[in-house]
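Here is the structure we will look at, set down as structure tokens.
The values are calculated or read from the model by the stated rules, or taken from the named source; none is laboratory data. Since this is a predicted model, take the numbers as computed values, not measurements. Quick reminder, even Gly has a Cβ in these numbers, built from the backbone with ideal geometry, and neighbours come from all protein chains shown. Each accessible area value is taken on the protein alone, full model and side chains, heavy atoms only, with ligands, DNA and RNA left out. Shrake-Rupley method; radii C 1.70, N 1.55, O 1.52, S 1.80 Å.
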Amino acid sequence: MALRTWTGEFAGGTIATGMARLNARHPWSHNDHFHSWILANLPARRRGALDVGCGRGELVAALSPRFASVRGNDRDEEMRRHATARCTGLANVTIDGRSWSDATGPIDLVTMVAVLHHLDVAAALADVRRLLKPGGRFLAVGLAPPRSATDHLWDLASAVTNPMIGYVKHPWPSSDGAPVTPVPIKDPTMPFDELREIVLDVMPGASIRRRLGFRHTIAWTKPS
Ligand SMILES: C[S@@+](CC[C@H](N)C(=O)[O-])C[C@H]1O[C@@H](n2cnc3c(N)ncnc32)[C@H](O)[C@@H]1O
């Protein structure tokens with residue numbers, strides 16, 4: 001039985017219910033949390049950036065002052081509306097829903113936060129490799145279902161640290177604020193070990209690491 005399932009059912013589910021309540025009182029975005037990692041790892045050359053599956057456009061807005069131009073792409077119309085509103089007044093930002101793999105122009109950064117598992121992984125990585133200019137970088141934050149013993153240990157560590165990080169980021173218990181439009185989600189199906197093989201096959205030398213927050217990160221710089 002998967003550790004996630006087992007902990008969910010342990011003690012009649014009371015621990016899992018308590019943890020869920022705690023997390024709801026001190027919420028944090030597991031995706032936005034990694035924006036600081038992305039911003040700390042930007043490529044030296046910063047002409048164009050492409051955020052695939054940009055959702056509400058938070059990362060696009062954060063990249064805007066750092067690149068000559070930033071394109072946020074999302075196939076969901078409502079997300080594009082939110083992203084466009086979020087980036088109002090940012091003259092170097094465009095938001096669109098066209099096929100991102102047809103992008104042209106100098107792309108020095110491609111980002112995907114919680115998006116790769118929505119795509120055909122091998123094809124998407126090959127498209128990123130083709131689109132990036134030499135020296136350009138791919139930075140992704142992803143999700144994978146736990147399969148191996150190591151996956152389960154990271155899952156447990158993420159579950160235990162989740163409310164602690166929530167307390168630090170959001171010390172005051174959440175009151176019911178304005179409802180936030182949820183981003184379109186999909187359950188990941190490709191386990192970390194399988195993903196790593198594909199990543200290293202398409203992007204030799206890439207760094208792929210498990211992280212707390214039920215996430216992993218991928219970083220690759222296209223050779224010059
Ligand atoms: C889990 S959300 C993450 C959104 C955002 N990156 C974030 O961190 O909040 C996944 C996003 O990918 C978008 N998406 C899924 N497949 C896509 C595709 N083929 N092209 C562009 N966007 C896609 C969805 O519409 C959704 O907004």
Mind checking which residues of the stretch 57-72 are within 19 Å of residue 181 (Cα to Cα) and surrounded by fewer than 24 Cβ atoms within 10 Å (Cβ to Cβ)?
58, 61
Do you know which of the residues in the stretch 45-72 that are of a type in the set (D, E, K, R) and within 11 Å of the ligand (Cβ to nearest atom) is nearest to residue 128 (Cα to Cα)?
51
Just for the stretch 172-194: of the residues that are within 26 Å of residue 56 (Cβ to Cβ) and in contact with a Pro (Cβ under 9 Å, 6 or more places away or on another chain), which one is modelled with the lowest pLDDT?
174
Residue by residue through the stretch 95-126, note down the ones that are of a type in the set (Asp, Glu) and open to solvent by less than 40 Å² (accessible area, probe 1.4 Å).
96, 108
Given the conditions (1) under 30 Å from residue 162 (Cα atoms); (2) among the aliphatic types (A, V, I, L, M); (3) surrounded by 15 or more Cβ atoms within 10 Å (Cβ to Cβ); (4) more than 11 Å from the ligand (Cβ to nearest atom), report the number of the one that residue 40 does not fulfil.
(3)
Checked the stretch 31-57 for anything in a helix (DSSP H, G or I) and closer than 17 Å to residue 110 by Cβ; matches are 34, 35, 37, 38, 39
Take residues that are at positive phi and out of contact with any helix residue (DSSP H, G or I) (no Cβ under 9 Å at 6 or more places or on another chain) and tell me which of the strands (runs of 3 or more DSSP E) falling wholly in the stretch 62-158 contain 1 or more.
132-142
